1. Residue 21 versus (1) within 16 Å of ligand 2 (Cβ to nearest atom); (2) in a loop (DSSP other than H, G, I, E, B); (3) open to solvent by 20 Å² or more (accessible area, probe 1.4 Å): which is the lone unmet condition?
2. Return only the number of the condition from (1) under 29 Å from residue 182 (Cβ atoms); (2) part of a helix (DSSP H, G or I); (3) open to solvent by 40 Å² or more (accessible area, probe 1.4 Å) that residue 31 does not satisfy.
3. Working only within segment 58-100, note down all residues that are among the small types (Gly, Ala, Ser) and either within 16 Å of ligand 2 (Cβ to nearest atom) or not in a helix (DSSP H, G or I) (or both).
4. Among (1) among the β-branched types (Val, Ile, Thr); (2) in a helix (DSSP H, G or I); (3) open to solvent by less than 20 Å² (accessible area, probe 1.4 Å); (4) over 23 Å from residue 174 (Cβ atoms), where does residue 234 come up short?
5. Could you list all residues from segment 196-231 that are open to solvent by less than 20 Å² (accessible area, probe 1.4 Å), within 16 Å of ligand 1 (Cβ to nearest atom) and of a type in the set (Gly, Ala, Ser)?
6. So, in segment 101-113, how many residues would count as being touching a helix residue (DSSP H, G or I) at 6+ places or on another chain (Cβ under 9 Å) and either in a helix (DSSP H, G or I) or surrounded by 18 or more Cβ atoms within 10 Å (Cβ to Cβ) (or both)?
7. Does residue 129 count as touching a Lys or Arg at 6+ places or on another chain (Cβ under 8 Å) and open to solvent by less than 10 Å² (accessible area, probe 1.4 Å)?
8. I'd like to check something: does segment 72-84 contain any residue that is assigned by TED's automatic domain parsing to the domain that holds residue 33, crowded, with 17+ Cβ neighbours inside 10 Å and among the β-branched types (Val, Ile, Thr)?
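The values are calculated or read from the model by the stated rules, or taken from the named source; none is laboratory data. All values reported here derive from a predicted model rather than from experimental measurement. Cβ coordinates were reconstructed from backbone atoms using ideal geometry, including for glycine residues, and neighbour counts include every protein chain displayed. Just the protein is used for accessible areas: all its heavy atoms, side chains included, with ligands, DNA and RNA removed. Shrake-Rupley method; radii C 1.70, N 1.55, O 1.52, S 1.80 Å.
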Amino acid sequence: MTAATYQYVDLPDASVVTTRTLLTARENITDTVAARAMMCIHGGAGFGKTLAVNTCLRALEPSEDVRKITFRARPTARAVRYELFTALDLAGEPPRHPSEFDRLLKTALAERPRTFLVDEAQWLNGEAFEYFRYLWDEPATQLAIIFVGGEGCHTVLRREPMLSSRIFIWQHFTRLTPGEVLEAIPLFHPIWADAEPDDITFADSHAAHGNFRAWAQLTAHTRTALARTGRPRVDQELLRWAFSRLA
Ligand SMILES: Nc1ncnc2c1ncn2[C@@H]1O[C@H](COP(=O)(O)OP(=O)(O)OP(=O)(O)O)[C@@H](O)[C@H]1O
Ligand SMILES: [Mg+2]
């Protein structure tokens, strides 16, 4: 997969910016995987969690066997078993009986060390979290698990002491500070590379508010405005037009 795969919508020429948060995530993920431990990354929508974990885990592949599981609705333990069956590319039909299913998953997980990336983990309830804990606790499995979720993820996990007490590292993603915006955004996309710092600050305080996804949206609209007007550089008039689409 190319880095662009993780970019918001279609944003040609965007780069992954190595922010302080991304560097911390890299260190945390590397240490979690080395310890065959569990980690939780949580924080607001659009702060760059999914992009960070995918970028960091890709750097560990192929020597590390990484399997991605993303939930889009509240899964039962049964649904978690099916998701794992699919994520592990297991052959044949999924077993019908839970005990048989558990045995199959544990046998597969005992084959070699693996890392699960469980994204959108705020969807998991106690039962689903408990199932991951059960697999992780099994002595034969050498499983590392990275749970990634929105603000609610931390709250849900904290309610599950059996699992949360086993979390090796917690990392909270926050907005870019105004200072970080001035460092990161010129590296994010060429349209900001030669922009006036005042214009970047203007865009951040009026529209993007340190949120990376909002910056990606704003960049897409500003790119369109530059192309339509033929202007060579970003200016406040163009930015105001782009803001009007985000309001
Ligand atoms: N470090 C980064 N460098 C470049 N672009 C980034 C970076 N982090 C985030 N982005 C941009 O912001 C968008 C949103 O990031 P991402 O999808 O990782 O957010 P998220 O925290 O997972 O949000 P959600 O909680 O809604 O899933 C990305 O698609 C990308 O365009
Ligand atoms: Mg995400």
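1. (2)
2. Result: residue 31 passes all but (1).
3. The answer is 63, 73, 91, 92.
4. Result: residue 234 passes all but (2).
5. 203, 208, 210, 214, 216
6. Total satisfying the criteria: 7.
7. Judged against the criteria, residue 129 is not a match.
8. Looking through segment 72-84, at least one residue is assigned by TED's automatic domain parsing to the domain that holds residue 33, crowded, with 17+ Cβ neighbours inside 10 Å and among the β-branched types (Val, Ile, Thr).
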